Amino acid sequence: ACFARVCDRARPLGLVVLLEAMPFSGIPDLARAWAIVAGADRPNASLTFDVWHYLRAGADPALLSTIPGARIGTVQIADGAADPGADLLADLYRRRLPGDGALPLRPLLESLHRMDALTN
């Protein structure tokens, strides 16, 4: 309800409200973020899809494939080590430029492209 109210206040200004899941936050994964955005049921409610956060929170390709590409407002791309180690926050600060790490970026970005998330 709170997210929906934010969307309602932003809509007359022509703003899209983006919600981002972060594995070390109160919205730890895509499932929780999508539940909030879908539950708000507002045309200006959307997701920020951070590749690093998605992969570190336990990727859910089945869920991702059900989200309309138009509901992904931004995509953030970073690479990283194959193993994040014991400290996820420390790994956050060791992110790398795309292509300089071991994360499966290409198949994930191809999935987003098929969803039209990268073409809106």
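Among the residues of segment 16-27, just one is out of contact with any His (no Cβ under 7 Å at 6 or more places or on another chain), crowded, with 16+ Cβ neighbours inside 10 Å and either in a loop (DSSP other than H, G, I, E, B) or on the phi > 0 side of the Ramachandran plot (or both), namely Ile27. Within this structure, Val37 fails the test of being in a strand (DSSP E or B) and of a type outside the set (Gly, Ala, Ser).
Scanning segment 43-90 for residues that are basic (Lys, Arg) and within 20 Å of Met115 (Cα to Cα) turns up just one, Arg71.
When Gly14 is tested against (1) over 24 Å from Gly85 (Cβ atoms); (2) in contact with a helix residue (DSSP H, G or I) (Cβ under 7 Å, 6 or more places away or on another chain), exactly one condition is not met: (2).
For segment 31-50, a tally of residues being within 24 Å of Leu89 (Cβ to Cβ), touching a Gly at 6+ places or on another chain (Cβ under 9 Å) and crowded, with 16+ Cβ neighbours inside 10 Å returns 3. Within segment 59-74, the set of residues being more than 15 Å from Asp29 (Cα to Cα) and either among the hydrophobic types (A, V, I, L, M, F, W, C) or touching a His at 6+ places or on another chain (Cβ under 8 Å) (or both) comprises Ala70 only. All told, Arg32 falls short of being of a type in the set (Lys, Arg) and more than 11 Å from the chain's Cα centre (by Cα). Against the list (1) in contact with a helix residue (DSSP H, G or I) (Cβ under 7 Å, 6 or more places away or on another chain); (2) under 24 Å from Ala1 (Cα atoms), the condition Pro43 fails is (1).
Taking the listed residues Ile67, Ile72, Ile77, the one that is open to solvent by 40 Å² or more (accessible area, probe 1.4 Å) and touching a strand residue (DSSP E or B) at 6+ places or on another chain (Cβ under 9 Å) is Ile77, with no other qualifying. Against the conditions (1) within 13 Å of the chain's Cα centre (by Cα); (2) surrounded by fewer than 16 Cβ atoms within 10 Å (Cβ to Cβ); (3) among the acidic types (Asp, Glu), Glu110 satisfies every one except (1). Among the residues in segment 106-118, are any under 15 Å from Leu18 (Cα atoms) and of a type outside the set (Lys, Arg)? The answer is yes; a qualifying residue exists.
The values are calculated or read from the model by the stated rules, or taken from the named source; none is laboratory data. Please read these numbers as outputs of a predicted model, since none were measured by experiment. With ideal geometry, Cβ positions are generated from the backbone for all residues, glycine too; neighbour counts draw on all protein chains shown. Just the protein is used for accessible areas: all its heavy atoms, side chains included, with ligands, DNA and RNA removed. Shrake-Rupley method; radii C 1.70, N 1.55, O 1.52, S 1.80 Å.
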